[in-house]
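The structure under discussion appears below in the form of structure tokens.
The values are calculated or read from the model by the stated rules, or taken from the named source; none is laboratory data. Computed from a predicted structure; not experimentally measured. Cβ placement follows ideal geometry from the backbone for every residue including glycine, while neighbour counts extend to all protein chains displayed. Accessible surface is based on the protein model in full, side chains and every heavy atom, while ligands, DNA and RNA are left aside. Shrake-Rupley method; radii C 1.70, N 1.55, O 1.52, S 1.80 Å.
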Amino acid sequence: MLPLIEAGGKTICYMADLIPSAGHIPLPYVMGYDTRPLLTLEEKEKFLNEAADKQYILFFEHDPVHECATVKHTEKGVRLDRTFRLSEIL
């Protein structure tokens with residue numbers, strides 16, 4: 001479950017363990033304790049495409065450096081666009 005929060009005209013998505021840090025954005029990076037990684041890969045790909053299309057703000061639970069980020073489509077798939085603090089948008 002990934003909560004979507006509408007605030008200030010933006011959609012913020014609390015990423016929980018699906019994408020716990022900016023380093024986990026590339027598709028093959030899933031949590032080591034994931035019991036169904038192939039299903040997670042399918043769901044993650046679908047979500048990342050939607051996040052790039054709709055410009056969601058991803059809020060990371062476990063990233064000590066990057067609090068939030070946006071993603072974009074590239075020739076290598078969906079990748080990190082920019083990072084920022086939540087306080088910058090609220």
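Given labels modelled 7 Å from the Cα in the Cβ direction, how far is it in nm from VAL65 to SER87?
In this crude spin-label approximation the distance works out to 2.0 nm.
Over the chain, what relative contact order in percent results from Cα pairs under 8 Å that are six or more residues apart? Intermediate values should be presented prior to the final figure.
On the way: 142 pairs, mean separation 25.1, N = 90.
Normalised by residue count, the contact order of the chain is 28 percent.
Name the residue from LEU18, GLY77, VAL65 whose Cα lies farthest towards the positive end of the charge dipole of the chain, charges +1 on Cβ of Lys and Arg and -1 on Cβ of Asp and Glu.
Going by the Cα projections, it comes out as GLY77.
What number comes out for the charge environment of TYR56, summing +1 per Lys or Arg and -1 per Asp or Glu over other residues with Cβ under 14 Å away? Show your work: numbers first, answer last.
Values: positive: LYS10, LYS44, LYS46, LYS54, LYS72, ARG82; negative: GLU6, GLU50, ASP53, ASP81.
Overall, the nearby charge balance is +2.
From largest accessible area down, sort THR35, THR40; use a 1.4 Å probe on the protein chains. List each step's numbers first, then the result.
Numbers: THR35 125, THR40 20 Å².
From most accessible down to least: THR35, THR40.
Hey, with R₀ at 25 Å, roughly what FRET efficiency would LEU80 and GLU42 work out to, going by the Cβ-Cβ distance, to 0.05?
Numbers: r = 21 Å, r/R0 = 0.83.
Computed FRET efficiency for LEU80 and GLU42: 0.75.
Relative to the first principal axis of the alpha-carbon coordinates of the chain, what is the inclination of helix 37-54, with its axis defined by its Cα atoms, in degrees from 0 to 90 and to the nearest 10?
Tilt of helix 37-54: around 30 degrees.
The range 25-90: which trypsin sites (Lys or Arg not before Pro) are DSSP loop and have at most 13 other beta-carbon atoms within 10 angstrom? Display every interim value, and only then the final one.
Numbers: sites: LYS44, LYS46, LYS54, LYS72, LYS76, ARG79, ARG82, ARG85; in loops: LYS76, ARG85.
Qualifying residues, ordered by number: LYS76, ARG85.
For ASN49 and ASP17, FRET efficiency with R0 = 22 Å and r from the beta-carbon atoms, rounded to 0.05?
Numbers: r = 19 Å, r/R0 = 0.89.
E(calc), rounded to 0.05, equals 0.65.
Quick one: order MET1, MET15, MET31 from most to least accessible surface, probe 1.4 Å.
On the way: MET1 210, MET15 0, MET31 40 Å².
Putting MET1, MET15, MET31 in descending order of accessible area: MET1, MET31, MET15.
Heavy atoms only, probe 1.4 Å: what % of the accessible area of the chain goes to carbon and sulfur, would you let me know? Walk me through the numbers on the way to the answer.
Details: 3090 of 5680 Å².
On the chain, the fraction of accessible area on carbon and sulfur atoms equals 54 percent.
Count the lysine pairs in the chain that are 8 or more places apart or on different chains: how many have C-alpha atoms under 17 angstrom apart?
The result is 9.
May I ask you to rank ASP81, ASP34 by accessible area, largest first, using a 1.4 Å probe over the protein chains only? It would help to have the intermediate numbers written out before the result.
On the way: ASP81 70, ASP34 45 Å².
Per-residue accessible area, sorted high to low, gives ASP81, ASP34.
Kindly provide the GluC sites (Glu not before Pro) of the range 1-68 that DSSP labels as loop, not H, G, I, E or B, and whose Cβ sees at most 14 other Cβ atoms within 10 Å. Provide the component values of the computation, followed by the final result.
Working: sites: GLU6, GLU42, GLU43, GLU45, GLU50, GLU61, GLU67; in loops: GLU61, GLU67.
Here the sparse-neighbourhood loop sites are GLU61.
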